[in-house]
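Reviewing the structure listed below.
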Amino acid sequence: MAALPAGFRALEPFVERWALAGEAARAAARSAASDAERLEFYQAAQPLMQAALAHLDGKPIGSLTGCDAALMRLMLSLANVYHSVEVLGDAEAENARMRARLQFTDHAPY
Amino acid sequence: MAVLTAEEGTSLIDPEFYYRHGYPTRYRFFGDHRGQTIWFNPETQPRGPVQIGGFMAGATALAAKGLLDTPHGREYYGLFPTLFMLGNPLQNFSHVVYPVDAGTARGVIRMYWAGEAENATELFARHAGLTMMRDLHAEDIDVIEDGYAGLSSGAIEHIHFQTQEALCRHLYNTVTEKVRALQAEAS
């Protein structure tokens, strides 16, 4: 059974690691990943970002389930990982040390 | 309300000095409370396609709700003693600092958006902004702890607050006034 909607199956290898529920879990995954793992996910997910959000925009945001919820969670992980790749670069490890002390209290729906 | 602008406070220093260092461009005082206008670097550009997409989507959603244009977008308000809020609608947050004991404080940062996200793109934009704000605030922790350690060491007996530290000076003076008033009342 497919974990993601048609058109986004290229992201299936990333579902287990990155399609996580809750901002705290996604942020922890970002910090736990290596630079190469973050870059691999970013390079796979970023080109599909606009298409994925357009697909999800056609559905009620408050009640995504199954494949759609998994795709939303992947996009929200991309909304985490991009800052390591696009902005922090070599400063990621140092920032991870500092942000480990700024914990999330989760209220996010996905 | 008292107002001090960078231009007024820099008679001996070129205002460009303040801009180069990112200092606030205006300070205001409302009784016990305080505020400053955050300097904005006009040359700042988003770094990549996700950050650009997040900014654009967030701005579009806010504009549709009539919330993008605000005179408070660069205002940072400090309510006595330790409740802070940035007026920027894209990155609207409050920061409350709670004393834990004489040498320890706990900061709680809350981000705010108007209503629930209406679609996936808006939710994505909010989370992209959340990530950036968390990473930025995390960078302050070392500085704050080093400041606490320095003050607690007793190595410095006096601090000379400069113009750009006017809010610290105002807080210090306000606390001093309130403590003295309480002491006078008790005696």
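The values are calculated or read from the model by the stated rules, or taken from the named source; none is laboratory data. From a predicted model like this one, the values you see are computed outputs, not experimental measurements. Counting neighbours? That spans all protein chains shown, and the Cβs are built from the backbone with ideal geometry, glycine included. We work out accessible area using only protein heavy atoms, side chains counted, and drop any ligands, DNA or RNA first. Shrake-Rupley method; radii C 1.70, N 1.55, O 1.52, S 1.80 Å.
For this structure, a couple of remarks:
- Residue-level check: of (1) in contact (Cβ under 8 Å) with a residue 40 or more places away in the chain; (2) under 12 Å from the mean Cα position of the chain (by Cα); (3) within 20 Å of B:R47 (Cβ to Cβ); (4) more than 10 Å from chain B (Cβ to nearest Cβ), A:A44 misses just (1).
- When B:L130, B:L123 are checked against the criterion of being touching a Pro at 6+ places or on another chain (Cβ under 9 Å) and closer than 26 Å to A:S63 by Cα, a single residue qualifies: B:L123.
- B:A149 being open to solvent by 20 Å² or more (accessible area, probe 1.4 Å), under 28 Å from A:V81 (Cα atoms), away from every other protein chain (no Cβ under 11 Å) and not hydroxyl-bearing (S, T, Y): no
- Unmet requirement for A:E37, which otherwise passes all of (1) more than 12 Å from chain B (Cβ to nearest Cβ); (2) outside any helix (DSSP H, G or I): (2)
- Residue match in region A:46-58 (condition: more than 20 Å from B:T121 (Cβ to Cβ), part of a helix (DSSP H, G or I) and open to solvent by 10 Å² or more (accessible area, probe 1.4 Å)): no
- Of the residues making up region A:12-24, none is closer than 26 Å to B:G115 by Cβ, surrounded by 13 or more Cβ atoms within 10 Å (Cβ to Cβ), at the interface with chain B (Cβ under 8 Å from one of its Cβ atoms) and modelled with pLDDT of 95 or more.
- Residue-level check: of (1) more than 30 Å from A:L78 (Cβ to Cβ); (2) surrounded by 15 or more Cβ atoms within 10 Å (Cβ to Cβ); (3) not hydrophobic (A, V, I, L, M, F, W, C), B:N88 misses just (1).
- Scanning region B:22-64 for residues that are within 14 Å of chain A (Cβ to nearest Cβ) and charged (D, E, K, R) yields a count of 1.
- Exactly one residue out of B:F161, B:F84 is more than 12 Å from chain A (Cβ to nearest Cβ) and part of a strand (DSSP E or B), and it is B:F84.
- Qualifying positions in region B:110-126 - farther than 11 Å from B:Q91 by Cβ, open to solvent by 50 Å² or more (accessible area, probe 1.4 Å) and of a type in the set (S, T, Y): none
- Criterion: open to solvent by less than 30 Å² (accessible area, probe 1.4 Å) and either at pLDDT 90 or above or within 8 Å of chain A (Cβ to nearest Cβ) (or both) - qualifying residue of B:G107, B:G154, B:G129: B:G129
- Filter result for B:H95 (surrounded by 13 or more Cβ atoms within 10 Å (Cβ to Cβ), under 25 Å from B:F124 (Cα atoms) and either small (G, A, S) or over 12 Å from the mean Cα position of the chain (by Cα) (or both)): no
- Conditions (1) of a type outside the set (S, T, N, Q); (2) at the interface with another protein chain (Cβ under 8 Å from one of its Cβ atoms); (3) open to solvent by 30 Å² or more (accessible area, probe 1.4 Å); (4) without any contact (Cβ under 8 Å) to a residue 24 or more places away in the chain: number failed by A:G62: (4)
- When the criteria are applied in full, B:E116 meets the requirement of being within 13 Å of chain A (Cβ to nearest Cβ) and more than 27 Å from A:Y42 (Cβ to Cβ).
- Residue in region B:5-22 that is modelled with pLDDT of 90 or more and among the aromatic types (F, W, Y) present: no
- Of all residues in region A:65-76 being more than 9 Å from chain B (Cβ to nearest Cβ) and within 30 Å of A:A93 (Cα to Cα), the one that is surrounded by the fewest Cβ atoms within 10 Å (Cβ to Cβ): A:A69
- Here B:Q162 meets each of (1) under 19 Å from B:G35 (Cβ atoms); (2) in contact (Cβ under 8 Å) with a residue 60 or more places away in the chain with one exception, condition (2).
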